[in-house]
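Asker: Take a look at the following structure, please.
Just so you know, all these numbers are worked out from the coordinates, no wet-lab data involved. Given the structure is predicted, the values throughout are model-derived calculations rather than measurements. Virtual Cβ from ideal backbone geometry, glycine too; neighbours counted across all protein chains shown.
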Amino acid sequence: MRSSFILILTFLSVFSLTSSAQKWKRQRVEYSLGFGASNFLGDLGGRDQTGTDFIMDLEPRATRYAANLGYRYQFGRDWFVKGNLIYALVSGDDALTKQPARARRELNFKSHIVELSAQLEYLLIRQKSGHLYRLRGVRGKSWFRFEVYLIGGIGGIWYSPYGRRNGSWTALSGLNTEGQGLPGGPSDYSGFTAVIPYGIGIRRNLGGGARSRRFGSFSISLELTVRKTFSDYIDDVSDVYYNDGGSVAIGNAYGPDAAYFHDPSGHYAYGGYGEPQQRGDVTDKDSYMLGIIALNYKVSKRRRNLPKF
């Protein structure tokens, strides 16, 4: 009798642990809606110093906004894949920097970005439960109310840069402001490029219990990511001023707007400087950063063959 009781108790314990370990399989699918901030890391604007790579050149005053729709699927205990549709506005302005060479250009831009990407997530720190209330003299697990995960992925973006003149914005992609299509000029850019997102996320579950297991559950998350691109023209600036006739040659070929946005300062209007003058840094591709706060809804899949009461 005693051995039978021990056997039954052992079976129930193992069944309980297995059921708990596999609970994530009943809540694999999640939808998210997020809003947040964007910041551009490229040729225009930047800090009051010679241009540097990555976050060391971040200019907080150029922060703009972003929005995100997401679909997330859990395929392992600690592994997730998420699809993103993102809109972001990024900008840069040489008027924001006191670094002489940058401020001298007098260039500015804003660019609309639409991103479609997939990211892989690995759960680094799991949210833990414990006593709901802190009771004196009661020992047990304490609450860790957040989970932390790493992010990496791949995707593609469409972008469209604009330049500001006298308070009005003009599309730059068709103006060939670096002499695209002219003798000695670079190739045109398409407005499409690949992107590699990477970063970190933190998440807090909202509510729980039997109701959430039956009807689904909500959580709130914050993701901080960098999106590395393979284009240097998100800001319409990449290499050098067109040296074979400068703004005059560009204006004759593509019109007065193209001449102006090639060189708003007027310092390089005629070219002919021997060595071409630097306009951007062709060796460093553009990046942008996103900080997205999202509300997430996880769909609960009901277990089959359970008794109904």
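Asker: Karplus couplings for the range 26-32 from phi (6.51 cos²θ - 1.76 cosθ + 1.60, θ = phi - 60°), rounded to Hz, Gly and Pro as x?
Answerer: Values per residue, Gly and Pro as x: 8, 9, 7, 9, 9, 10, 9 Hz.
Asker: Through the Karplus equation 6.51 cos²θ - 1.76 cosθ + 1.60, θ set to phi - 60°, convert the phi angles of the range 63-76 into ³J(HN,Hα) values in whole Hz; use x for Gly and Pro.
Answerer: 5, 10, 10, 8, 9, 9, 10, x, 10, 10, 10, 8, 10, x
Asker: What is the gain in length, in nm to one decimal, between T170 and R26 on full extension, counting 0.36 nm per residue of separation less the C-alpha to C-alpha distance?
Answerer: Value of the extension gain: 46.8 nm.
Asker: With the crude spin-label approximation of a point 7 Å out along Cα→Cβ, what separation in nm comes out for L33 versus R61?
Answerer: Between L33 and R61, the simple spin-label model gives 3.5 nm.
Asker: Here is the link list: K228/K298; K25/K82; K25/K228; K110/K228; K25/K298; K82/K110. Which ones come out longer than 21 Å on Cα distance?
Answerer: Violating the 21 Å limit, Cα to Cα: K228/K298; K25/K228; K82/K110.
Asker: Then there is this: Stretch R126-Y71 to full length: gain in nm at 0.36 nm per residue minus the Cα-Cα span?
Answerer: Residue separation times 0.36 nm, minus the Cα-Cα distance, leaves 17.8 nm.
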